[in-house]
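In what follows, a structure is listed as structure tokens, so that the remarks can point back to it.
The values are calculated or read from the model by the stated rules, or taken from the named source; none is laboratory data. Fair warning: this is a prediction, and the values are worked out from it, not measured in the lab. In this analysis, Cβ positions are derived from the backbone assuming ideal geometry, glycine residues included, and neighbour counts consider all displayed protein chains. All accessible areas refer to the heavy atoms of the entire protein, side chains included, with ligands and DNA or RNA removed. Shrake-Rupley method; radii C 1.70, N 1.55, O 1.52, S 1.80 Å.
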Amino acid sequence: MTGNKPALGVFGAGWVGLVTAACFADLGHGVVVRDVVPAKIEELNTGRVPFHEPGLAELIDGNRERLTFTLSVDELKADASIFFSCVDTPPTPSGEANLSAVLSVVHDLGSPEDTILVMKSTVPVGTGARIRDQLSERVGYVSNPEFLSEGRALEDFMRPDRIVIGSFDERHGDRVAALYEGFDAPVVRTSVPSAEMIKLAANGFLATRISFINEIANVSEAVGADVDEVVEGMGLDKRIGTSYLRPGVGYGGSCFPKDVSFLKLLAGNSGYHFQLLSAVMEVNDLQKRRVINKLKEHLGDLRGKTVALLGLAFKPDTDDMRDAPSIVLASRLQAEGAEVRAWDRLVRGHPELNGVVIEPTILDAIRDADAAVILTEWPELEGLASAESRQAMRTPLIIDGRNLLDPQAVRAVGFVYEGIGRA
Ligand code: UDX
């Protein structure tokens, strides 16, 4: 205990685990984080955070006296009474959740008296019931999904829209709810399966909005409407709003692609064909490839052409390349015979970007290029359409995969410009 705050244990020093640990430490809890990868623990103990998340390194640094990073399960279990599972559940080749890390957590935790295992890892509905059957009666089980988005995870943790707590036994749910006392957010108390479903349904729905607006953008292009105007007009309807209606090259990242697939397969395995999600996934795949068609319309055959990809991460403020649209695009362009160069503020390389030359500046990336394709809305790219860039490029063509630039201003400098769904 630190003061009257229960000590916490966190399994997994990944992105969710470290954000959870740092935030609870900042709230005054003693937190021990355990990971199985020695290099990660060493790095954390020398004061470095193994990935980019704004503010996280500083928050960990400011709470060092309440944070311990260890490889040892015994050290993790020494004082803590509430344990968070924050290990990852990557997709298997069939698109289902690989639960082996979660099951190792259950095994490593064992059965310490009067403790609770809190599931933050995203798991298929029914996992909690399966784990409860494996746990001793001395360990309670609570589902407390995270809704953190990369690049703003600390803000999302400290000021959430809601806190979801699913429990089999209300007393266990009460103990976890108490950790969030003082948060200005509604606490939604549910059964464990409902909490598990809330996480998958929320991400499935947000992904559906993105695929929906991408299709509206594609049709708008064909019929002469402008998707920005359409979103403004739709979004003022209070029932709709404008969030998650930004058209682009499709969603990526560690959650949406995986969670949509989990939900679809979960439904399928339970005998229900979730038709809508099949379309959401297909639209998202095709959206990445539409950029290739736009390039061909302007440049003809792409063999021997040079294309600069501006932004590689799946969104700004992260160096995460999981399911980034840039990976699919780079490999499609290379298959068409194009030379691919790139710039990103944080990403310096990735095994799946074989043969892509990553340049240190935007200007280096677009020099002598036949097209510049914006894939991540990094603020640096807002100044792309300058006279200097125009002169540097062999063909002044900008394909704006995030609708970041003002079309009129870009064309005024002499560029040929195409966004997504813009008139
Ligand atoms: C998401 C959820 O927001 C979060 O609640 C959940 O816990 C994990 O998944 P994250 O993956 O960090 O978080 O990113 P998010 O900002 O939601 O964006 C996901 C993808 O959708 C990005 O590739 C983004 O570019 C794309 N997107 C988002 C759009 O194409 N259009 C939009 O309108 C919004």
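Can you name every one of the helices (runs of 4 or more DSSP H) wholly within segment 74-174 that holds 2 or more residues which are open to solvent by 10 Å² or more (accessible area, probe 1.4 Å) and among the small types (Gly, Ala, Ser)? If you could, list the steps in order and put the result at the bottom.
Working: elements: 100-109, 127-134, 153-158.
The qualifying helices (runs of 4 or more DSSP H) are 100-109.
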Members of segment 25-67 found to be in a strand (DSSP E or B) and either within 18 Å of residue 108 (Cα to Cα) or not assigned by TED's automatic domain parsing to the domain that holds residue 150 (or both), listed by number
31, 32, 33, 34
Here is a check on your reading of the model: is residue 177 surrounded by 18 or more Cβ atoms within 10 Å (Cβ to Cβ) and farther than 30 Å from residue 265 by Cβ?
yes
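When only residues in segment 234-266 that are charged (D, E, K, R) and either open to solvent by less than 10 Å² (accessible area, probe 1.4 Å) or more than 13 Å from the ligand (Cβ to nearest atom) (or both) count, which is farthest from residue 202 (Cα to Cα)? Spell out the reasoning first.
Narrowing segment 234-266 to residues charged (D, E, K, R): 237-239, 246, 258-259, 264.
Pick out the ones that are also either open to solvent by less than 10 Å² (accessible area, probe 1.4 Å) or more than 13 Å from the ligand (Cβ to nearest atom) (or both) and you get 237-239, 259, 264.
Numbers: 237: 20, 238: 19, 239: 16, 259: 9, 264: 13 Å.
Among those residues, the one meeting the criterion is 237.
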Residues within segment 267-304 that are away from the ligand (no atom under 16 Å from the Cβ) and buried (at least 21 other Cβ atoms within 10 Å of the Cβ), tallied:
2
Hey, residue 22 in contact (Cβ under 8 Å) with a residue 60 or more places away in the chain and either outside any loop (DSSP other than H, G, I, E, B) or not assigned by TED's automatic domain parsing to the domain that holds residue 182 (or both) or not:
yes
Which one of the conditions (1) within 16 Å of the ligand (Cβ to nearest atom); (2) in contact with a strand residue (DSSP E or B) (Cβ under 8 Å, 6 or more places away or on another chain) does residue 158 fail to meet, given that it meets all the rest?
(2)
Among the candidates 112, 124, single out the residue that is assigned by TED's automatic domain parsing to the domain that holds residue 24 and under 30 Å from residue 51 (Cβ atoms).
124
What number of residues in segment 179-210 are within 21 Å of residue 128 (Cα to Cα) and in a helix (DSSP H, G or I)?
14
